[in-house]
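What follows is a short report on a single structure.
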Amino acid sequence: MSEEIRLGIDLGGTKVEGIVIRRRGDDIETLAKMRRPTERERGYEHILDVTAQVLAETERQAGLKDIARIGVGMPGSETQEGFVKNANTTALNGRPFRADLVARVGRPIVFANDANCFALAETVLGAARGSRVTFGVIMGTGVGGGIVIADEGTPRVWDGAQGIAGEWGHVVLEPERGLACYCGRRGCIETLLSGPFLEKAYAARSGERRKLVDVVARRESDPAAQSTLDHLVETFGRAMATVVNVLDPDVIVLGGGVSNIDVLYDAGTEALRRWAFTDKLRTKVVKHAVGDSAGVFGAAFLPK
Ligand SMILES: [Zn+2]
């Protein structure tokens with residue numbers, strides 16, 4: 001069986017992680033792995049430097065050079081002209097990060113956003129293995145999504161006509177009474193399903209600020225916590241039905257802090273079944289299995 005060497009970089013808000021893997025079919029061996037703080041407050045040039053350094057050092061640590069398959073996962077997406085947009089690491093926005101990194105490294109690099117990398121890693125090695133069409137969702141400080149299609153062999157990210165395929169977090173569910181989203185609209189799915197907004201929703205009900213994990217832990221004894229979770233389940237079902245009705249994926253895999261709330265997998269799936277345009281729901285809703293490294297593994301799987 002042919003052997004592939006792959007290098008993945010996950011550019012996150014707090015850390016830049018690099019990995020080199022050797023892949024023979026399903027057998028994946030990690031040859032090198034490292035991380036450095038992003039220090040994004042130091043600005044664009046610094047982020048570019050750190051990313052290029054992690055790439056070079058990971059390759060050196062693996063005892064290799066000139067690795068041809070390089071993938072980078074990063075926040076946001078890109079304009080037609082190649083400028084970053086919608087990144088929560090705002091120093092990247094409006095900058096030609098792809099072109100600048102390729103110029104430093106001198107080799108082709110495949111880029112995708114972090115939710116696409118997550119969906120890809122979970123399809124290749126995690127909770128969505130064997131799925132033909134996967135929808136991967138990260139519900140954390142924001143809400144992102146990615147589509148992976150493996151209909152004829154190797155799973156690939158579907159990025160769409162303008163690179164926004166899977167950007168489900170900014171589908172508007174409550175345009176009039178919803179809360180303001182950073183994207184400029186109101187009532188986006190992100191304002192209903194992300195961690196910070198769920199904490200806000202609890203605070204509005206109870207008058208107290210608590211961490212999401214505490215809200216979940218209090219649900220038996222605290223009506224405001226119960227009502228926050230009931231609303232989450234219902235909104236999750238409605239929001240997911242928009243995905244199922246359009247994409248009809250085999251597997252929906254959930255990641256990010258909010259994905260640790262267990263009601264999403266029973267009551268949430270039941271709510272989805274009620275809202276989706278089908279009597280019998282075959283789509284499976286599952287929890288992530290790759291863990292924190294999904295971003296960097298997914299990046300490594302990006303190139304052909
Ligand atoms: Zn939005």
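The values are calculated or read from the model by the stated rules, or taken from the named source; none is laboratory data. All values reported here derive from a predicted model rather than from experimental measurement. Cβ sites come from the backbone with ideal geometry, for glycine too, and all protein chains shown count toward neighbours.
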* Test Lys287 against the criterion of being under 19 Å from Glu234 (Cα atoms) and without any contact (Cβ under 8 Å) to a residue 60 or more places away in the chain, and give yes or no. => no
* **Hits in region 194-220 - residues which are among the small types (Gly, Ala, Ser), more than 25 Å from the chain's Cα centre (by Cα) and surrounded by 14 or more Cβ atoms within 10 Å (Cβ to Cβ)** => Ala203, Ser206
* Test: residue in region 119-134 that is within 16 Å of the ligand (Cβ to nearest atom), out of contact with any Leu (no Cβ under 9 Å at 6 or more places or on another chain) and within 28 Å of Val16 (Cα to Cα) -> no
* Asked: Within region 178-208, can you find the residues that are of a type outside the set (Ser, Thr, Tyr), over 22 Å from Gly256 (Cα atoms) and more than 15 Å from the ligand (Cβ to nearest atom)?
  -> Ala204, Arg205, Gly207, Glu208
* Filter region 103-119 for residues that are assigned to a helix (DSSP H, G or I) and either farther than 17 Å from Gly169 by Cβ or not aliphatic (A, V, I, L, M) (or both) and give the result. => Ala103, Arg104, Val105, Asp114, Asn116, Cys117, Phe118
* Wholly enclosed strands (runs of 3 or more DSSP E) of region 1-102 bearing at least 2 residues buried (at least 20 other Cβ atoms within 10 Å of the Cβ) and not assigned by TED's automatic domain parsing to the domain that holds Ile164 -> 4-11, 15-24, 69-74
* Asked: Taking the condition farther than 27 Å from Ala289 by Cβ and not basic (Lys, Arg), does Leu101 pass?
  -> yes
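For region 143-161, name all the residues that are within 16 Å of the ligand (Cβ to nearest atom) and either free of Cβ contacts under 8 Å to residues at least 40 places away in the same chain or over 18 Å from the mean Cα position of the chain (by Cα) (or both). Spell out the reasoning first.
First, pick out the residues of region 143-161 that are within 16 Å of the ligand (Cβ to nearest atom): 143-145.
Residue satisfying the conditions is Gly144 alone.
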* To do: Mind counting the residues in region 266-288 that are outside any helix (DSSP H, G or I) and either out of contact with any helix residue (DSSP H, G or I) (no Cβ under 7 Å at 6 or more places or on another chain) or at pLDDT below 95 (or both)?
  => 7
* **Single match in Val253, Val215, Val263, Val246 (criterion: more than 16 Å from the ligand (Cβ to nearest atom), part of a helix (DSSP H, G or I) and closer than 23 Å to Glu167 by Cα)** => Val246
* Structure fact -> Going through region 103-114 in order, the residues found to be farther than 22 Å from Arg42 by Cβ and either surrounded by fewer than 22 Cβ atoms within 10 Å (Cβ to Cβ) or in the same structural domain as Leu247 (by TED's automatic domain parsing) (or both) are Gly106, Arg107, Pro108, Ile109, Val110
* If you take the residues in region 112-146 that are farther than 22 Å from Ile70 by Cβ and of a type in the set (Val, Ile, Thr), which one is modelled with the lowest pLDDT? -> Thr141
* Kindly establish whether Gly163 is surrounded by fewer than 24 Cβ atoms within 10 Å (Cβ to Cβ) and closer than 28 Å to Thr191 by Cβ. => yes
* Asked: Do you know which residues across region 232-265 are modelled with pLDDT under 95 and within 17 Å of Arg218 (Cβ to Cβ)?
  -> Gly257
